[in-house]
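Taken together, the values in this text are just the output of simple stated rules run on the coordinates, not laboratory data. Keep in mind it's a predicted model, so treat the numbers as computed, not measured. FYI the Cβ positions are ideal-geometry reconstructions off the backbone, even for glycines, and counts take in every protein chain you see.
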Amino acid sequence: MAHRVTATDRGTTSFQLGVNKVSWLLIRFMLVMAPVVLFINGFTKGDWSEAFLFALSVAVGLTPEMLPMIVTSTLAKGAVFLSKKKVIVKRLDAIQNFGAMDVLCTDKTGTLTQDKIFLSQHVDIHGQTSHYVLMQAFLNSYYQTGLKNLLDVAVLDAVDPEIKTQKLRYKKLDEVPFDFDRRRMSVVVKTPQNKVRMITKGAVEEMLKVCRYVEIDGKVEALTVQKQTAIETLTQRYNQDGLRVVAVAYREFSIDQENFSVADESDLILIGYVAFLDPPKESATAAVKSLHAHGVTVKVLTGDNEFVTQKVCREIGIQCERILLGGIIETLSDKQLKEAVEHYDIFAKLSPVHKERIVEQLKANVHVVGFLGDGINDAAAIRAADIGISVDTAVDIAKESADLILLEKSLMVLEKGVIEGRRTFANMLKYIKMTASSNFGNVFSVLVASAFIPFLPMLPIHLLIQNLLYDISQIAIPFDHVDEELIAQPQRWQPGEVGRFMIVFGPISSIFDILTFALMWFVFSANTPAQQTLFQSGWFVVGLLTQTLIVHMIRTAKVPFFQSRAATPLLVMTAIIMCIGIFLPMGPLASYLKLEALPLSYFFYLPFILIAYMCLTQWVKTMYIRRYGWQ
């Protein structure tokens, strides 16, 4: 188990791969465009040192230096929000997977049920209450030194003080620990009668395989087919009532035997059963419905038998007509299981390997899979999932394998986390789209300006200041609102989405950059080196304003400001940066930045340029949504 958990590589998420691809795409643009700009300006203007500085500034402007910071701060903001909702994020990248998750695999105990298991019945093989059976179950639970599960705790809590004092009359000699293949465990004690007794308890079907006798009213009889059928009928009835049944048996050995093993778990004498109740949570039904409404399918993966699982799932509204059992899974190839996992929502009598295989085949079907569990038997599946989830009360290996730790084992907590994951992903994607499209548009604008204008269209310091102000305006993106449509269903990285978006929206800004060139050249006669400062100031303002406004245009599929308004921090930040951009050429720093005040008539044209830019962007966005949809 430890090897399976530690050997599995988490790998790189689709979102990480996507961010890396966009980053390298922009860097490649920069590596290609910077030399092109250098040579064009060097040959056309003749000043190679000035051309070099301009090309260097273009390279800086095209480099997505803020991308890691925006992504990290958005994820960190999501992690802080989740911590307030009782979810501790161990791995920041997992937040995006949380939002992309479309299948949640969960164990039953404590998630769908109240996690308050108590001993309901202790009976002989005929179903009559038996304190003798309780005593043997108590000795088994008390003397086993492995991890005491909830069933052991329930047995220990159920016995009265008189029975607890009886343990002093027994001496532990050995034990055979529990494992998930046998699904039983044994302790060996010396009885007050100086006999060596192995007491075994475990899953009924596994116990029947190693029992040869039954004890009825103090008499040992052979376990016949008729008796076994009666036993199975009785225990199945308990299961259908929602009770988890554990069989109790014993075998006595020679006083001389000192060491015991699994091989000694044979020819046992069945004496009865202990049955446990763990009622469904009242909130489970609403949580399952809410997750389903948000596009997340809940699949139950449990080691319990099908009857108990069916009872619980029926009460909370999960379809339970079809159940796939671990024994069947053993016979299926990966290809067959890959198909089967799409048709079943309940899987019972599973081993840890079964759970891991189910998760892997769901992932192979291009699902983003979450797994919620807290036991040793869940660790491998938690590790294999795209988003591993455990709880603070889980065993250490489960918590170590998880990406998220819940402080409250509830599906309602998960539902809140899913929504925040989608909100976080949407805000990160906004910046990535803006950066890619804006930088792509700048490539065309710089090329046109460098080729046809006899002076630098913008000084290096202008490019750097513009880039700095734009980056500052985007710091508030992690706090932005997200449209409900983007939260309603799982959101995942679409490999071609950013590239397509960049090609469609990037040239729009170039169109208005070229219009600005024409305005400054023909209307304001800024067409000689003597008037280059005026030309540069005019493009500086338009370039910064259009670049800053684009966030409001592409942050939503709706009409910005009217149907969907950005959060106050983003509105304020972009407004401040736009004001700074307008007043820089006429402020006290203008001479230091080599800008000059623009004529008043320039501000008559400016609103028309910005409104036309927004209208064209909105129209292109509408056409884009009709053809490709919106993410």
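Strictly under 4.7 angstrom between C-beta atoms: which cysteines of the chain have no such partner?
Cys105, Cys211, Cys579, Cys615
Set the Förster radius R0 to 51 Å, insert the Cβ-Cβ distance between Ala488 and Ala530 as r into 1/(1 + (r/R0)^6), and round the FRET efficiency to 0.05. Don't jump to the answer; show the numbers that get you there.
Numbers: r = 58 Å, r/R0 = 1.14.
Step by step, r from the Cβ atoms, then E = 0.30.
With just the Cα atoms of the chain, tell me how far they stretch along each of the three principal axes, in Å, largest first.
If we take the Cα atoms of the chain, the spans are 114, 45, 44 Å.
Can you tell me the length gained on complete extension of the stretch Leu17 to Leu571, counting 0.36 nm per residue apart and subtracting the Cα distance?
196.4 nm
Could you tell me which of rounded, prolate or oblate describes region 170-221, using a ≥ b ≥ c as the square roots of the eigenvalues of the alpha-carbon gyration tensor, with rounded for a/c under 1.5 and, failing that, prolate when a/b is larger than b/c and oblate otherwise?
oblate
For a test of the definition: using alpha carbon positions, the gyration tensor, and the 1.5 limit on a/c, classify region 461-557 as rounded, prolate or oblate.
Prolate is the answer for region 461-557, as a/c is 1.5 or above and a/b outweighs b/c.
What percent do you get for the relative contact order of the chain when only Cα pairs under 8 Å and 6+ apart count?
Dividing the mean separation by the residue count of the chain yields 17 percent.
Once you charge only the Cβ atoms, +1 for Lys and Arg and -1 for Asp and Glu, what is the size of the charge dipole of region 118-277 about its Cα centre, to the nearest 20 debye? Mind showing how you got there, number by number?
Working: 20 positive and 22 negative charges, 45 e Å.
The calculated dipole for region 118-277 is roughly 220 debye.
Is region 118-277 rounded, prolate or oblate when judged by the Cα gyration tensor, a ≥ b ≥ c being the square roots of its eigenvalues, rounded requiring a/c under 1.5 and prolate requiring a/b larger than b/c?
Because its axes are fairly even, with a/c under 1.5, region 118-277 counts as rounded.
For Asp181, project a label point 7 Å along Cα to C-beta. Then give me every residue of region 352-392 with its amide nitrogen under 20 Å of that point.
Residues passing the 20 Å test: 352-358, 376-381.
Which residue, Leu362, Tyr143, Phe178, has the largest displacement toward the positive end of the dipole of the chain when charges sit on each Cβ (Lys, Arg +1; Asp, Glu -1)?
Farthest towards the positive pole: Leu362.
Are any of the pairs Lys21/Lys409; Lys164/Lys311; Lys116/Lys289; Lys172/Lys399; Lys299/Lys558 more than 29 Å apart by Cα-Cα distance, and if so, which?
Working: Lys21/Lys409 37 Å; Lys164/Lys311 33 Å; Lys116/Lys289 23 Å; Lys172/Lys399 32 Å; Lys299/Lys558 35 Å.
Where the Cα-Cα span goes over 29 Å, the pairs concerned are Lys21/Lys409; Lys164/Lys311; Lys172/Lys399; Lys299/Lys558.
So what's the angle, to the nearest 10 degrees on a 0 to 90 scale, between helix 225-240 and the longest Cα principal axis of the chain?
Approximately 40 degrees, to the nearest ten.
Whole number please: convex hull volume per residue of the Cα set in region 124-198, in Å³?
Considering the Cα atoms of region 124-198, their hull volume per residue is 112 Å³.
Given Lys85/Lys349; Lys85/Lys430; Lys86/Lys201, which pairs have Cα atoms separated by over 27 Å? Intermediate values should be presented prior to the final figure.
Numbers: Lys85/Lys349 33 Å; Lys85/Lys430 25 Å; Lys86/Lys201 37 Å.
Those over the limit are Lys85/Lys349; Lys86/Lys201.
Looking at Ala287, Val300, Ser261, which one has the Cα that reaches farthest to the positive end of the dipole of region 259-322 (charges on Cβ: Lys, Arg +1; Asp, Glu -1)?
It is Ala287, whose Cα lies furthest towards the positive end.
Can you give the angle from 0 to 90° between the axis of helix 460-473 and the longest principal axis of the chain, with both taken from C-alpha atoms, to the nearest 10?
40
Determine the dipole magnitude for the chain: charges of +1 sit on the beta-carbon of Lys and Arg, -1 on that of Asp and Glu, nothing else is charged, the reference point is the Cα centre, and the result goes in debye to the nearest 20.
Details: 62 positive and 61 negative charges, 197 e Å.
That gives a dipole near 940 debye.
Go ahead and run the numbers for FRET between Ser261 and Asp392, Cβ-Cβ distance against an R0 of 56 Å, rounding to 0.05.
Values: r = 36 Å, r/R0 = 0.65.
Working from the Cβ atoms, E equals 0.95.
Give the distance, in whole Å, between the Cα centre of region 507-521 and the Cα centre of region 409-440.
Spelled out, the Cα-based centre of one part sits 33 Å from the other.
What residue among Leu519, Ala575, Val103 has its Cα farthest toward the positive end of the dipole of the chain, where the charges are +1 on Lys, Arg and -1 on Asp, Glu, each on the Cβ?
After comparing all options, I get Leu519.
Would you list which lysines come within 23 Å of Lys594, measuring only between C-alpha atoms, while excluding same-chain residues fewer than 8 positions from it?
Lys45
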